[in-house]
Every structure is written in C-alpha cells, then in structure tokens.
1. Which of (1) out of contact with any helix residue (DSSP H, G or I) (no Cβ under 8 Å at 6 or more places or on another chain); (2) in a strand (DSSP E or B); (3) modelled with pLDDT of 95 or more; (4) over 23 Å from ASP52 (Cα atoms) does ALA164 not meet, given it meets every other one?
2. It is to be established whether one or more residues within region 28-40 are at pLDDT 85 or above, outside any strand (DSSP E or B), more than 17 Å from ASN113 (Cα to Cα) and of a type in the set (A, V, I, L, M).
3. Residue by residue through region 147-161, note down the ones that are assigned to a strand (DSSP E or B) and among the aliphatic types (A, V, I, L, M).
4. Of everything in region 33-49 that's touching a residue at least 24 places away in the same chain (Cβ under 8 Å) and surrounded by 22 or more Cβ atoms within 10 Å (Cβ to Cβ), which residue is farthest from ILE131 (Cα to Cα)?
5. Need pairs with beta-carbon distance below 6 Å; first residue surrounded by 12 or more Cβ atoms within 10 Å (Cβ to Cβ) and within region 83-95, second part of a loop (DSSP other than H, G, I, E, B); sequence gap 6+ or separate chains.
6. Identify all residues within region 67-87 that are under 8 Å from the mean Cα position of the chain (by Cα) and of a type in the set (A, V, I, L, M, F, W, C); write none if there are none.
7. Is at least one residue of region 54-65 farther than 21 Å from ALA149 by Cα and either among the hydrophobic types (A, V, I, L, M, F, W, C) or touching a helix residue (DSSP H, G or I) at 6+ places or on another chain (Cβ under 6 Å) (or both)?
8. Within region 145-161, take every residue that is in contact with a helix residue (DSSP H, G or I) (Cβ under 9 Å, 6 or more places away or on another chain) and over 18 Å from LEU120 (Cβ atoms) and give me the one that is surrounded by the most Cβ atoms within 10 Å (Cβ to Cβ).
Amino acid sequence: MLSGALALWAQEGPDLPDHPDRGVSAGGNWTESRSEDRMTAAKRVRFDLVADNTGDGDDQARVILFCTDGKLKLADFRPNIRLARPDWPGFWGQPQMRVRVRVDDSHSDHSWNWVHGHFLSMDKGTARELIGAHLFRVEFRTPEGPRIAEFSPAGLDLNRVRNACDLTPKKP
C-alpha cells in the first residue's frame, strides 16, 4: 500500500511537468525532468516514455520512472484511459490487475498494483527489463475489453538512469 504522501506524488508527479515535452531528451523516445524538493532538498528525476500507438495530446499512454536521491521510488504504467476493476488482491490486500508484458521476444504475466483506477504501479524487475529493451508492450484490461500499449524504449541513455535511479537493465 502506498503511503499518503507517496500516493499523492505518484498521482501528481514529483513537482515536475506532467508532459514529457517539457523535459530534456534522455535518449531515444525518453524524456527526463529534474527538480529539487524545496523543503528536504531531495533530488527528484522523472523519466517518461510515451506509447507509440496512442494519438497526440494529453491522453497518451506512458511509462514513468520516478527517482529520488539516486533510487527508484515508483515505476508507473499510465494508460490514460479508464481501467477495468482490479482482479486480484495483493499480499497486503491492495488491489491489483493482471497484465501481460512483452519485452522483446519474451512474454510474462504480472500483477501490478491498481492505484485509484488511474494507473498501475510496475514492479522493479519489469522496469529493469523495460530500460534495456527494444520493444515493450503491455496488455491490460479496460471496461471495453483488453487493450495493448506499445512502446519503443531503445536508445535510453542507461548511464543517466543508473545515476538518477540506481537502475540497471536486466534481460527477461
């Protein structure tokens, strides 16, 4: 379960722009935004990757990595469309949705935390697979049925991610 402050940060972002076009290129289709918490001086970095198969505008599906003081704090999949109800209780009772993930030529099923019906919180292992992949797809459920978001994560500057998030790529 996300704490109140962490859940708010996950919904609103870490005082960073909500749109990746306001950040700087982090390589490939990725953008990077940086800020510093005015009260704690925590260094915050956000990496955004927009889906290839969504239209232009604010409703584009995206993956966002939130890092604070050199550590990955959250990895979110935001479809930016209405999600179906959660279908699985997590170990601590938090709602989860089962998704199918394709990383290059590998497929796997995951149960990601369903956060207020707005987005899914990815596990760190999937985030590590994502940053080293050429092809990344997520099949998730909506009230209208299953949907697939397609991403092209290749080209990300892995040194930037390692320094900002202490995250290294992993093969599926």
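1. ALA164 satisfies all of (1) out of contact with any helix residue (DSSP H, G or I) (no Cβ under 8 Å at 6 or more places or on another chain); (2) in a strand (DSSP E or B); (3) modelled with pLDDT of 95 or more; (4) over 23 Å from ASP52 (Cα atoms) except (2).
2. Yes: one or more hits.
3. The answer is ILE148, ALA149.
4. Step by step, filter region 33-49, then rank; the result is VAL45.
5. LEU83/GLY117; ALA84/PRO143; GLN94/MET1; PRO95/PRO86
6. LEU74, ALA75, PHE77, listed by residue number.
7. The answer is no; no qualifying residue exists.
8. The qualifying residue surrounded by the most Cβ atoms within 10 Å (Cβ to Cβ) is VAL161.
The values are calculated or read from the model by the stated rules, or taken from the named source; none is laboratory data. Everything numeric in this text was worked out from a predicted model, so none of it was measured. Don't worry about glycine lacking a Cβ; one is built from the backbone with ideal geometry, like all the others, and counts go over all protein chains shown.
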